[in-house]
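Visitor: Have a look at the structure that comes next, please.
The values are calculated or read from the model by the stated rules, or taken from the named source; none is laboratory data. The structure displayed is predicted, hence computed values, not measured ones. Heads up, the Cβs are rebuilt from the backbone with ideal geometry, glycines too, and the neighbour counts pull from every protein chain shown.
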């Protein structure tokens, strides 16, 4: 982060400087009391369960001298200190976001943003792999993609950078329109519209409208890139919803799309190959990652990179040393097993794709350990049932369902197959002592569920066994 002064902070967040020096510089914005230093600005976020004001004394003792707070009792207490910069505002979360927005505006960077129900983190990683070869590039690390994570990501950027890639998520803890207001992207990508968060937005159509707010601040110089292989990401529908004059470029598998993805070949644990038809030319693309769906994610990344001047051939070459965020269709080999660790998150659509990937792998048996999928609302039962049925229809040898909702995965599978071995457990802890008996040498094992299930712990247990 570049240095900014307290006066800039005060103006950006419309705060009241109760004490301090407007010329004092800070070079770090923190919400974690353990990560502060002398030049940090500590923003005291207040959540449902936690109030960071309780840590103000600890933060001060660690050497931090600059604070943004919203609690007037703490304001009175801390105003008695002579060596601090103290700003009071009504809402510290809004303050964090407003400061990130103002700080980003000081940087001379191209801004690329990615959203979507499935594939946004992978597409961000693909895009970063391409762009970093041509420009000094920053991006979100891990899953810092919500109304707190995006501002914290922005504070890691500095004037050294030329391009930033910002993933945007949504849910109970954030919305795309606010993130778009903070970032104001030059180019945006929408990967898919699935069923995750339907509990919040009511329908896939509601999710589509929210995702398309990534273009809220677009004008005719901006470009939205969509994956038209997704049924709702139709160019005409997108235009009807957004009703703004900006460029829309579509990637898909039908002739109506601007850029075509053809001849996708699943190479198992060696990755995928496909043909990209772009501006009357065809390119052969090979990716070292799993899953046919990633052909579309790669195409979206190539198109986005081309929008900022990176030739298609160079963009394809940039994918050769791709590094994907951990726990995303990540292959882990032990002496006994091949593990597909896809525990980062899950929706109905992503689980079905992961099952296809499992079936493409070479191994003795195909085992799917599948947990709960969250935020599906009224579709919760049917989505889990569909996943169970699909796994059985695809002749997965063993299905191990875990979690409250996953009982419907097991029941769905039983309706389809009398051959597949099907197990159900309410908690992952029940599985641990039985893994040795349920798994055989040479098994290929998929582990997937929503983030809250923390099924990476099952992955660790399997690694201990084999």
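Visitor: Hey, could you check segment 58-81 for residues that are within 34 Å of the chain's Cα centre (by Cα) and part of a helix (DSSP H, G or I) and say which is surrounded by the most Cβ atoms within 10 Å (Cβ to Cβ)?
Guide: Among them, the one singled out is 59.
Visitor: Whether any residue in segment 416-432 is under 30 Å from residue 295 (Cβ atoms), modelled with pLDDT of 95 or more and outside any loop (DSSP other than H, G, I, E, B) is what I want to check.
Guide: No; the residues of segment 416-432 include none that is under 30 Å from residue 295 (Cβ atoms), modelled with pLDDT of 95 or more and outside any loop (DSSP other than H, G, I, E, B).
Visitor: Residues of segment 106-122 being modelled with pLDDT of 95 or more and not in a loop (DSSP other than H, G, I, E, B), which ones?
Guide: 110, 111, 112, 113, 114, 115, listed by residue number.
Visitor: What do you reckon, is residue 282 in contact with a strand residue (DSSP E or B) (Cβ under 7 Å, 6 or more places away or on another chain) and either part of a loop (DSSP other than H, G, I, E, B) or without any contact (Cβ under 8 Å) to a residue 24 or more places away in the chain (or both)?
Guide: yes
Visitor: Can you list the strands (runs of 3 or more DSSP E) found entirely within segment 322-403 that contain at least 2 residues being within 23 Å of residue 295 (Cβ to Cβ) and either out of contact with any strand residue (DSSP E or B) (no Cβ under 6 Å at 6 or more places or on another chain) or at pLDDT below 95 (or both)?
Guide: 330-333, 338-342
Visitor: For residue 103, which of the numbered conditions (1) without any contact (Cβ under 8 Å) to a residue 24 or more places away in the chain; (2) assigned to a helix (DSSP H, G or I) fails to hold?
Guide: The one condition residue 103 does not meet is (1).
Visitor: Something else about it: What number of residues within segment 282-303 are touching a helix residue (DSSP H, G or I) at 6+ places or on another chain (Cβ under 8 Å) and modelled with pLDDT of 95 or more?
Guide: 7
Visitor: Of the residues 407, 398, 381, 459, which is without any contact (Cβ under 8 Å) to a residue 24 or more places away in the chain and either surrounded by 14 or more Cβ atoms within 10 Å (Cβ to Cβ) or within 22 Å of the chain's Cα centre (by Cα) (or both)?
Guide: That would be 407, the only listed residue that is without any contact (Cβ under 8 Å) to a residue 24 or more places away in the chain and either surrounded by 14 or more Cβ atoms within 10 Å (Cβ to Cβ) or within 22 Å of the chain's Cα centre (by Cα) (or both).
Visitor: Quick one: which residue in 216, 211, 255, 262 is exposed (fewer than 15 other Cβ atoms within 10 Å of the Cβ), assigned by TED's automatic domain parsing to the domain that holds residue 115 and at pLDDT 90 or above?
Guide: Matching residue, one of 216, 211, 255, 262: 262.
Visitor: Anything in segment 6-23 that is crowded, with 18+ Cβ neighbours inside 10 Å and within 12 Å of residue 84 (Cβ to Cβ)? List them, or say none.
Guide: Listed by number, the residues that qualify are 6, 20.
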